[in-house]
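A.B. asks: My questions will all concern the structure given below.
The values are calculated or read from the model by the stated rules, or taken from the named source; none is laboratory data. Quantities reported herein were computed from a predicted structural model and do not represent experimental measurements. Don't worry about glycine lacking a Cβ; one is built from the backbone with ideal geometry, like all the others, and counts go over all protein chains shown. For accessibility, only protein heavy atoms count, side chains too; no ligands or nucleic acids. Shrake-Rupley method; radii C 1.70, N 1.55, O 1.52, S 1.80 Å.
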Amino acid sequence: FFSAKGGCIECHFLDVQPVAGVNQDFSLAAFSLWDHNIRIWDVVAQQDKRLLKGHDDVIHSVRFDVDGKRLLSASRDFTARIWSLEDSEAAPLVFRKHTGSVNDAAFLPLQEKIITGSDDGKAIIWDIANQKPVLTMEHNRPILKVEINSASTRVLTWADDATAILWDTVQGKNLATLKSSGAEVLVVHFSPD
């Protein structure tokens with residue numbers, strides 16, 4: 001913040017980035033800018049469609065499900081939430097067990113499950129219907145991102161030390177530990193097969 005005459009009055013460091021996601025047919029976009037809300041943007045009508053309120057802290061990720069009817073968000077408030085985009089009156093489903101910021105969350109393709117990754121070093125696979133953990137995988141470092149293969153049989157978590165772990169999603173077994181040669185890992189994707 002600067003005074004009218006110039007000069008810094010109060011300085012802040014923003015340690016978060018805005019997040020955004022689009023549905024599969026690119027008709028809806030979701031984004032959050034440093035606040036605790038998510039805006040749903042109708043790309044076709046070029047206007048705000050809805051404002052989702054409920055998180056108590058900064059939102060780290062947003063992802064649509066395959067049919068675009070639900071949105072999954074992960075937040076620094078230690079929770080992930082699933083929002084119905086068809087029923088504006090429906091309360092979001094809240095997934096609460098992590099003891100640190102939830103940095104990323106994703107739907108498991110073709111299953112009614114999600115996965116969350118947290119600063120507490122855990123990745124949790126959740127059953128959506130009962131909002132209960134099904135499987136917990138210990139990375140032992142703050143997990144920044146999670147990625148799932150198309151068959152939902154493998155998940156990759158990567159941490160703040162450039163280490164990625166490939167997991168079996170049935171037993172939670174560590175299948176491989178991948179270490180970058182000093183470079184930070186920013187993005188990882190599975191091939192379509």
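A.B. asks: As an exercise, use a Förster radius of 22 Å and the Cβ-Cβ distance of Ser191 and Gln24 to find the FRET efficiency, rounded to the nearest 0.05.
C.D. replies: In this case the efficiency is close to 0.75.
A.B. asks: Considering only protein heavy atoms, with the full assembly of protein chains and a 1.4 angstrom probe, order His36, His60, His189 by accessible area, largest first.
C.D. replies: The ranking, largest first, comes out as His189, His36, His60.
A.B. asks: On the protein heavy atoms, probe 1.4 angstrom, tell me the percent of accessible surface of the chain carried by carbon and sulfur.
C.D. replies: After summing per-atom areas, the C and S share lands at 53 percent.
A.B. asks: Shape verdict for the stretch 63-108, please, from the Cα gyration tensor: rounded (a/c under 1.5), prolate (a/b greater than b/c) or oblate.
C.D. replies: Taking the square roots of the gyration eigenvalues as a ≥ b ≥ c, the stretch 63-108 is oblate.
A.B. asks: A further question on this structure: Could you work out how much longer the chain between Asn37 and Ala151 gets when fully extended? Use 0.36 nm per residue separation minus the Cα distance between them, nm to one decimal.
C.D. replies: 37.9 nm
A.B. asks: Let me ask another. For a Förster distance of 35 Å, can you work out the FRET efficiency between the beta-carbons of Asp56 and Asp160, rounded to the nearest 0.05?
C.D. replies: Details: r = 23 Å, r/R0 = 0.66.
Using R0 = 35 Å, I get an efficiency of 0.90.
A.B. asks: Next question, about the same structure. Compare Arg96, Arg63, Arg81, Arg39 by solvent-accessible area with a 1.4 Å probe and give them largest first, with all protein chains kept in place.
C.D. replies: Largest to smallest exposure gives the sequence Arg96, Arg39, Arg63, Arg81.
A.B. asks: Please work out the Kirkwood hydrodynamic radius for the stretch 13-171, using every pair of different C-alpha atoms, and report it in angstroms with one decimal place.
C.D. replies: 15.7 Å
A.B. asks: Tell me, what is the 1.4 Å probe accessible area of Thr153, in Å² to the nearest 10?
C.D. replies: Taking all protein chains as shown, Thr153 has close to 60 Å².
A.B. asks: By accessible area of protein heavy atoms, probe 1.4 Å, what ranking do Val19, Val66 get, highest first?
C.D. replies: In descending accessible area the options line up as Val66, Val19.
A.B. asks: In the full protein assembly as shown, how much of Leu108 is accessible to a 1.4 Å probe, in Å² to the nearest 10?
C.D. replies: 10 Å²
A.B. asks: Could you pull out every one of the lysines with an alpha carbon less than 22 Å from that of Lys113, ignoring same-chain neighbours closer than 8 positions?
C.D. replies: The qualifying lysines are Lys69, Lys97, Lys122, Lys132, Lys145, Lys173.
A.B. asks: Write down the accessible area per residue of the chain in Å², having rolled a 1.4 Å probe over the full set of protein chains.
C.D. replies: 56 Å²
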